[in-house]
1. Out of the stretch 203-230, which residues are charged (D, E, K, R) and surrounded by 13 or more Cβ atoms within 10 Å (Cβ to Cβ)?
2. Determine whether the stretch 222-236 contains at least one residue that is free of Cβ contacts under 8 Å to residues at least 40 places away in the same chain and over 27 Å from residue 82 (Cα atoms).
3. Could you tell me which residue of the stretch 100-147 is least open to solvent (accessible area, probe 1.4 Å), considering only residues that are modelled with pLDDT under 95 and among the hydrophobic types (A, V, I, L, M, F, W, C)?
4. For the stretch 270-358, please list each of the strands (runs of 3 or more DSSP E) lying entirely inside it that holds at least 1 residues being open to solvent by 10 Å² or more (accessible area, probe 1.4 Å).
5. So residue 259 fits all but one of (1) closer than 25 Å to residue 24 by Cβ; (2) open to solvent by less than 20 Å² (accessible area, probe 1.4 Å); (3) in contact with a Phe, Trp or Tyr (Cβ under 9 Å, 6 or more places away or on another chain); (4) modelled with pLDDT of 95 or more; what number is the exception?
6. Could you look through the stretch 209-233, keep only residues that are of a type in the set (S, T, N, Q) and touching a Leu at 6+ places or on another chain (Cβ under 9 Å), and pick out the one that is nearest to residue 181 (Cα to Cα)?
7. Please determine whether any residue of the stretch 58-72 is under 30 Å from residue 185 (Cα atoms), touching a Leu at 6+ places or on another chain (Cβ under 9 Å) and either assigned to a helix (DSSP H, G or I) or assigned by TED's automatic domain parsing to the domain that holds residue 267 (or both).
8. I want to confirm something. Restricting to the stretch 162-180 and keeping residues that are crowded, with 24+ Cβ neighbours inside 10 Å and more than 12 Å from the chain's Cα centre (by Cα), which single residue is farthest from residue 92 (Cα to Cα)?
Amino acid sequence: MSDPKVFLCRVADGQPDQWPLAVQRLLVETPEPLAFVRKNDLIALKVHVGEPGLTTFLPPEVAGVVAKRVRALGARPFFTDSSVLYSGARSSGVGHTEVAIKHGFSLDRAGAAFVPADGIEGDLEKQIEIEGRHFAKVGVAGAIASSNGLVVVSHATGHLVSGIGATLKNIGMGCASRKGKLLQHSDTKPFVTEGKCTACGACIENCPGGALSAGEGAKAQMDEKVCTGCGECIAHCRSDAIGFRWDSSSEFLQQKMVEHALGAMRAVKGRFTCVVGMVNLTKHCDCWGAGSPKMVPDIGFALSSDPVAIDQAVMDLTEAANGKRLDQIAWPKIDGTIQLVYAERLGLGKRKYELVEV
Ligand code: SF4
Ligand code: SF4
């Protein structure tokens, strides 16, 4: 069997007005990845609408180009994403829809409406059977599982707990129900080293789950039962007082994420394709409301039906542009290839691919 193709359209650095045109060019010149779209299909466009306050997420016009193309094929697209685990605007379907509309993911501005993937309370899911190392069944967000096909529009970034956040993360974590997300994070609980804690309170202020409080001498203490494993406290602690068993924790999280990605791909019966933006390549993901520094000049947009190949291309292209892979320049340095190796082993795709520049 031949290697999967990854189509690439390059863009100049810092030229966001080129981004929708690059995606349009990919879709027009390479119709093959959207060949699964049939007339009257309901097609889920999995996006990240950006945490309130963030400006570096992919603008709605990028996914809007995909919506227009899907509509031109006679199908009906909708933007979608599932509820986040931490408290905040995107933790319910209602709040998430409000943020989506505010950020332009609307019929008026981008050609499709936003539908919360797991309902207004994050409990709408379909259990899908898989054969994984960790799970025999995974919870896929209901609107995605009920759709007739999926286009995953991802923004490549570094990631605190999985090394990189790109396509596999967007499918595995982003298409999972809240219960599925919780199960993926179950091994990633940080711990506070009391001797190093200076009682500054930064982690308590920034813990979206409300899991941290001031204990004896105002030093931070964590309630493991409440902690969602998001990892934000680690980034806010300047005293290196918050630790994390990165090796085993991230390895299991990445594997569990891949198992949920397999469930989402099965739910839509393999009728999906992936678009990834290698622009605004920031240290942290788009859930990071305060924003984070851009680490590599903008590269371009890629399109592929293979989620493993496209993420491997993200790694290779960032290395070619910068001398290091995206996960090697993100913080903390987590080996993001774990998800690629495991995804290939589970049959989600191939790491060896053919790059076709359009
Ligand atoms: S990982 Fe840290 S910031 Fe996130 S919920 Fe747990 S204690 Fe709070
Ligand atoms: S941010 Fe670090 S030093 Fe400050 S309270 Fe939290 S654990 Fe202690």
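1. 219
2. No, the conditions are met nowhere in the stretch 222-236.
3. Among them, the one singled out is 124.
4. The strands (runs of 3 or more DSSP E) meeting that bar are 272-278, 294-296, 354-357.
5. Tallying (1) closer than 25 Å to residue 24 by Cβ; (2) open to solvent by less than 20 Å² (accessible area, probe 1.4 Å); (3) in contact with a Phe, Trp or Tyr (Cβ under 9 Å, 6 or more places away or on another chain); (4) modelled with pLDDT of 95 or more, residue 259 fails exactly one: (1).
6. So the first thing to find is which residues in the stretch 209-233 are of a type in the set (S, T, N, Q), and the list is 213, 221, 228.
Filter once more, so that each one left must be touching a Leu at 6+ places or on another chain (Cβ under 9 Å): 221, 228.
On the way: 221: 24, 228: 9 Å.
By that ranking, first place goes to 228.
7. yes
8. Here the residue is 180.
The values are calculated or read from the model by the stated rules, or taken from the named source; none is laboratory data. Just so it is clear, the model here is predicted, and its values are computed rather than measured. In this analysis, Cβ positions are derived from the backbone assuming ideal geometry, glycine residues included, and neighbour counts consider all displayed protein chains. Just the protein is used for accessible areas: all its heavy atoms, side chains included, with ligands, DNA and RNA removed. Shrake-Rupley method; radii C 1.70, N 1.55, O 1.52, S 1.80 Å.
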